[in-house]
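Have a look at the structure below, then the notes.
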Amino acid sequence: MKKIGTTCLLLAAINVFSQGKSFVINGTIKKVNDNAYVYLSHIYNEQTQIDSALVKNEKFTFKGKTPEPNMYWITLHKNETPQLIFFADNAPITIAADADSMAHAKINGGTTQNDYKHWLAMQAKYAEMRNGLITQYNGHMRSNNQEGAKKVVDTAGIAERAYEKGILKFIKEHPQSNVSAYAIYSVNFDWPKMDEYEEMYNVLSPQVKAGKFGKLAHDKIEGMKMKDATVGVTAANFSQPDVNGKMVSLNSYKGKVVLVDFWASWCGPCRAENPNVVAAYQKYHPKGFEILGVSLDQNKDKWLQAISNDNLTWTHISDLKGWGNEAAKKYGVTSIPFNVLIDKEGKIIAKGLRGKALDDELAKIFGE
């Protein structure tokens, strides 16, 4: 396996970043009173930085410097969950927003923002398709149409492969863009082999590697190599409360083939993958296959609702700490859905199994 290359231009990149890139943001926001403030935030060197601007006649302006093309967001209140999100580089940015629908603001900016808009369009197209398939699948399950449900699962698998190819193509066509590094860092890439992760990372330019999202992408890949999630080692034990508050440990599954499935109700790709996991459970559970769902939720009600809606009939646990989930940290989980397949002796035999790959692996174990 190749080791991720380090850039020999790190110092030069740091010098460029330290000079900063000047930007101007001119915005219009409807349904906001005069003399109200809007807040511009971003994170750099692990510190959140916030600026504010006064709204006059529904207009506001920000001027500043960004250390490199970076993700920013505008909110109506400090520390509010961001909805109006964009990338700033050294090009002017215009924003047209409505206080009642910040997520639907129109944002125009430089090359990096154009890359981000391209990226968001890919995500939206896939999300629309995925949600339609989930609706179809749930309809078939309610009417006990197993054949129809299987066809939807097969269609979802084909669509997801096409989506994955689109992501790879985007990164390879935008090696100079921080959005490509952001893609590696932020989106679930459990489906490629480690060499493919490293190939995507190594496509990035030296300056992007040395930047904020390049470092996050690097750390994500290195985190995936953590010992506790390495094929061939004994799976590390953990315990968390189930939906009724009863503590359940991974060690209680010794002697069984178990899939530890990391997911969350708010995770779109997780919900799209759930039909595949349900199909595998229905097929192999009678032969001794078990699943332990580990949720990265924080809202218990939404977690329970997703379990019910997606027909996830196996045991579920969570400490309701979101990305701070202790089991997820132990296993180096940096994106979801992610899973680990453990044999009867408690050793990890595979990980990141999605779609047909999960069924193929289980077929080898249970002799299908």
Legend entry - Hits in the stretch 132-160 - residues which are open to solvent by 70 Å² or more (accessible area, probe 1.4 Å) and without any contact (Cβ under 8 Å) to a residue 12 or more places away in the chain: T135, R142, S143, N144, Q146, E147, K151, D154, I158
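Results for (1) open to solvent by 40 Å² or more (accessible area, probe 1.4 Å); (2) under 20 Å from K283 (Cα atoms), shown as yes or no for each residue.
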site	(1), (2)
K330	yes, no
N339	no, yes
K351	yes, yes
G355	no, yes
A363	no, yes
Inset, instruction - List every residue pair whose Cβ atoms lie under 7 Å apart, where the two residues are 6 or more positions apart in sequence or sit on different chains, the first residue falls within the stretch 319-337 and is within 25 Å of E160 (Cα to Cα), and the second residue, located anywhere, is among the β-branched types (V, I, T) and open to solvent by 10 Å² or more (accessible area, probe 1.4 Å). - result: S335/V187
Inset, instruction - Test each condition in (1) modelled with pLDDT of 95 or more; (2) touching an Asp or Glu at 6+ places or on another chain (Cβ under 9 Å) for A279 and report the one that comes out false. - result: (1)
Legend entry - the stretch 319-328, residues that are assigned to a helix (DSSP H, G or I), among the hydrophobic types (A, V, I, L, M, F, W, C) and open to solvent by 30 Å² or more (accessible area, probe 1.4 Å): W323
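Going through the stretch 291-341 one residue at a time, which ones are in contact with a Cys (Cβ under 8 Å, 6 or more places away or on another chain) and of a type in the set (V, I, T)?
Within the stretch 291-341, I336 is the sole residue that qualifies.
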Legend entry - Single residue of I50, I43, I85 found to be in a strand (DSSP E or B), open to solvent by 30 Å² or more (accessible area, probe 1.4 Å) and within 28 Å of A162 (Cα to Cα): I85
Inset, instruction - Hey, could you check the stretch 296-350 for residues that are under 18 Å from N237 (Cβ atoms) and among the hydroxyl-bearing types (S, T, Y) and say which is farthest from the chain's Cα centre (by Cα)? - result: T315
Inset, instruction - Look through the stretch 253-308, keep the residues that are β-branched (V, I, T) and out of contact with any Lys or Arg (no Cβ under 7 Å at 6 or more places or on another chain), and return whichever of them is nearest to G322 (Cα to Cα). - result: V294
Inset, instruction - Tell me which of these E345 doesn't satisfy, since it passes every other one: (1) crowded, with 16+ Cβ neighbours inside 10 Å; (2) modelled with pLDDT of 90 or more; (3) not hydroxyl-bearing (S, T, Y). - result: (1)
Legend entry - The listed residue being over 25 Å from the mean Cα position of the chain (by Cα) and either under 24 Å from N131 (Cα atoms) or open to solvent by 20 Å² or more (accessible area, probe 1.4 Å) (or both), out of G268, G288, G293: G288
Inset, instruction - Could you please find all residues in the stretch 53-82 being farther than 18 Å from K30 by Cα, open to solvent by less than 10 Å² (accessible area, probe 1.4 Å) and part of a strand (DSSP E or B)? - result: T66, N70, Y72
Inset, instruction - Just need a number here: residues in the stretch 214-242 that are of a type outside the set (D, E, K, R), assigned to a helix (DSSP H, G or I), at pLDDT 90 or above and open to solvent by 10 Å² or more (accessible area, probe 1.4 Å). - result: 1
Inset, instruction - Among the residues of the stretch 97-123, write down those that are more than 23 Å from K21 (Cβ to Cβ), among the hydrophobic types (A, V, I, L, M, F, W, C) and open to solvent by 20 Å² or more (accessible area, probe 1.4 Å). - result: A99, A103, A121, M122
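The values are calculated or read from the model by the stated rules, or taken from the named source; none is laboratory data. From a predicted model like this one, the values you see are computed outputs, not experimental measurements. Neighbour counts are summed over all protein chains in view; Cβ atoms, including those assigned to glycine, are modelled from backbone coordinates with ideal geometry. Heavy atoms of the whole protein, side chains included, go into the accessibility calculation; ligands, DNA and RNA do not. Shrake-Rupley method; radii C 1.70, N 1.55, O 1.52, S 1.80 Å.
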